[in-house]
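K.L.:
Take a look at this one; I'll ask things after.
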Amino acid sequence: MCGECGYRTAQKVHLSRHMRTHTGEKPYKCDQCDYSAAEKSTLKSHLAKHSGEKPYMCGECGYRAAEKRDLSRHMRTHTGERPYKCDHCDYSAAQKYTLKKHLAKHTGEKPYMCS
């Protein structure tokens, strides 16, 4: 169990990985730039930016993506799927970020301030 936040897991390796969220440790370093990551899979995704490899392709329009999740997000432009639903009204969005921006209309949140 994590002493910081109470996160629990059955595997010690998962707790070690979780602890990096509190310590900020990023042991996985890119050998081509200053980027570092807390998880090996995140570094692997980053490395695709250097290689330019985009193995995932849309059969509808030819869009190519480095990661499967990016292709899945793109496919919503063709299917019209809007899985992110607002709890306050009938609004729905294709991307989580877009729903987050919409929710500010209900909460009145204005996080950006003129300095």
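K.L.:
Starting from the Kirkwood radius over alpha-carbon pairs of the chain, derive D by Stokes-Einstein at 10 °C in a medium of 1.306 mPa s and give it in µm² s⁻¹.
P.N.:
On the way: Rh = 18.0 Å.
Estimated diffusion coefficient is 88 µm²/s.
K.L.:
State the extension gain, in nm to one decimal, for the chain segment bounded by residue 69 and residue 29, taking 0.36 nm per residue of separation less the distance between their alpha-carbons. Present the calculation step by step, with values, prior to reporting the outcome.
P.N.:
Numbers: separation 40, 0.36 × 40 = 14.40 nm, distance 2.29 nm.
12.1 nm is the gain from fully extending residue 69 to residue 29.
K.L.:
Follow-up question, since we're still on this one. Helix-derived [θ] at 222 nm for the chain: sum -39500 (n - 2.57) over DSSP H runs of at least 4, divide by residue count, nearest 500?
P.N.:
Values: 4 runs with 48 residues, N = 115.
Theoretical 222 nm ellipticity from helices: -13000 deg cm²/dmol.
K.L.:
With the cut-off at 21 Å, tell me which of the pairs 85/105; 40/68; 44/101 have Cα atoms farther apart than that.
P.N.:
On the way: 85/105 14 Å; 40/68 17 Å; 44/101 29 Å.
The pairs that break the limit, which is 21 Å between Cα atoms, are 44/101.
K.L.:
Given 0.36 nm per residue, what is the gain on full extension from residue 19 to residue 39 after removing their alpha carbon distance, in nm?
P.N.:
Details: separation 20, 0.36 × 20 = 7.20 nm, distance 1.14 nm.
My answer for the length gained is 6.1 nm.
K.L.:
Still on this structure, I have one more. Throw me the Rg/Rh for the stretch 55-115, computed over C-alpha atoms with Kirkwood Rh, two decimals. Provide the component values of the computation, followed by the final result.
P.N.:
Working: Rg = 15.2 Å, Rh = 13.5 Å.
Checking Rg against Rh, the ratio lands at 1.13.
K.L.:
Next up: Grab the Cα-Cα distance for residue 104 and residue 11, subtract it from 0.36 nm times how many residues apart they are, and report the gain in nm with one decimal.
P.N.:
Working: separation 93, 0.36 × 93 = 33.48 nm, distance 3.81 nm.
Computed gain between residue 104 and residue 11 is 29.7 nm.
Read the figures in this text as sums done on the coordinates, not as results from a lab. Here the structure is a predicted model, which is why all the values come from computation and not from measurement.
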